[in-house]
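Only the coordinates and a few stated rules stand behind these numbers; no lab work does. Values in this document were obtained by computation on a predicted structure and should not be read as measured data. Cβ sites come from the backbone with ideal geometry, for glycine too, and all protein chains shown count toward neighbours.
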């Protein structure tokens with residue numbers, strides 16, 4: 001599904017990704033862990049198409065489509081979802097308005113009919129229920145006045161509504177308390193743990209992986225993957241730190 005080959009990228013003239021290669025098949029969940037500055041967030045931004053992150057070599061494809069040749073909105077329409085470490089606030093725009101426009105824009109790009117207001121609200125209510133998020137919160141401006149945990153839960157509702165093929169989740173566990181972590185983990189499993197979908201989960205810590213069990217864990221250091229293993233690798237990193245493998 002996702003194939004990254006010898007990817008190099010720089011930010012402000014400094015090389016951050018340095019020959020990174022990774023393959024993720026449909027039905028799989030891969031976790032990427034690593035020390036600060038290893039390039040984890042840079043990888044997510046490069047895949048999502050964030051401005052200022054310049055690809056200097058290599059390739060990244062999603063189901064054979066060249067992601068790097070697409071604008072960010074085209075990547076989203078192709079089935080890519082990027083979950084942010086720090087979800088942004090959009091004053092004056094309600095979640096419902098934002099999500100309906102986003103979903104119908106993607107459906108139009110794929111040649112699908114738009115959802116009516118009633119159809120969309122039914123879908124939104126269903127996905128909000130998975131994350132135990134009150135529909136009244138979806139009527140509020142995007143992330144305005146939300147706690148850190150509420151922002152992450154709302155973002156997972158966004159993911160459920162947009163129904164991506166592939167999700168890149170950058171430190172989704174950041175800012176979550178114990179209860180919110182369980183809810184978000186359950187939401188990721190319900191939305192994305194399916195034979196035709198896949199997830200790249202970026203995290204510093206093992207705790208989220210107790211709820212979203214990965215098929216593979218990769219250690220990213222110096223802009224490339226230096227070690228790959230199963231879920232037990234995350235436990236080893238918790239005990240011994242990244243110096244043991246970096």
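Taking the inverse of the mean reciprocal distance over all distinct Cα pairs, the Kirkwood hydrodynamic radius of region 1-42 comes to 11.6 Å. Just report the Cα centroid separation between region 1-59 and region 140-178, whole Å. Using only Cα atoms to place each centre, the spacing works out to 21 Å. Quick one: if the Förster radius is 45 Å, what FRET efficiency do residue 6 and residue 177 give, using the C-beta to C-beta distance and rounding to 0.05? Given R0 = 45 Å and the Cβ-Cβ separation, E is 0.70.
Helix 178-192 and the long axis of the chain differ in direction by around 80°, with both axes built from C-alpha atoms.
Students often get this wrong: which residues of region 67-82 have the backbone nitrogen under 15 Å from the point 7 angstrom along Cα-to-C-beta of residue 26? Only 79-80 pass the distance filter.
Which one of 170, 136, 126 has the biggest mean-square fluctuation once the chain is modelled by GNM with Cα springs under 10 Å? The residue that fluctuates most here is 136. Between residue 86 and residue 147, the contour length at 0.36 nm per residue exceeds the alpha carbon distance by 20.8 nm. Take the Cα radius of gyration of the chain and divide it by 2.2 N^0.38 Å, N being the number of residues; the result is 0.99.
Given a cut-off of under 8 Å on Cα pairs at least six residues apart, what relative contact order in percent is computed for the chain? With pairs under 8 Å counted, the relative contact order is 28 percent.
Footprinting exposure proxy ranking of 204, 218, fewest other C-beta atoms within 10 angstrom first, gives 204, 218. For the chain, modelled as a GNM whose springs connect Cα atoms under 10 angstrom apart, the maximal fluctuation among 212, 226, 199 occurs at 226. Relative to the longest principal axis of the Cα atoms of the chain, the long axis of helix 95-109 lies at roughly 70 degrees.
Apply the a/c threshold of 1.5 to the C-alpha gyration tensor of region 38-107 and tell me whether it is rounded, prolate or oblate. The shape class here is oblate.
From least to most packed, judged by other beta carbons within 10 angstrom and beginning with the fewest, 10, 89, 240 follow the order 240, 89, 10.
Between residue 63 and residue 109, full extension at 0.36 nm per residue minus the direct alpha carbon distance yields a gain of 14.9 nm. Peptide packing for 60-69, 150-159 was compared via the average number of neighbouring C-beta atoms within 10 Å per residue; ordered from the highest value, the list is 150-159, 60-69.
Roughly what angle does helix 148-162 make with the longest principal axis of the chain, taking Cα atoms, 0 to 90 degrees, to the nearest 10? The angle comes out at about 80 degrees. Given a 10 angstrom Cα cut-off, can you work out which residue in 144, 219, 184 is the most mobile in a GNM of the chain? Highest fluctuation among the options: 144. Cβ crowding within 10 Å ranks 209, 130 as 130, 209, fewest other Cβ atoms first.
What full-extension length gain, to one decimal in nm, is calculated for residue 211 and residue 55 as 0.36 nm per residue of separation minus the Cα-Cα distance? Show your work: numbers first, answer last.
Values: separation 156, 0.36 × 156 = 56.16 nm, distance 3.33 nm.
Full-extension gain reported as 52.8 nm.
Sorting the Cα pairs of region 144-246 by distance into bins of 5 Å, from 0 upward, gives 2, 12, 22, 23, 18, 13, 7, 2, 0 percent per bin. Taking 7 Å steps out from each Cα toward its Cβ at residue 136 and residue 98 produces label points 2.0 nm apart.
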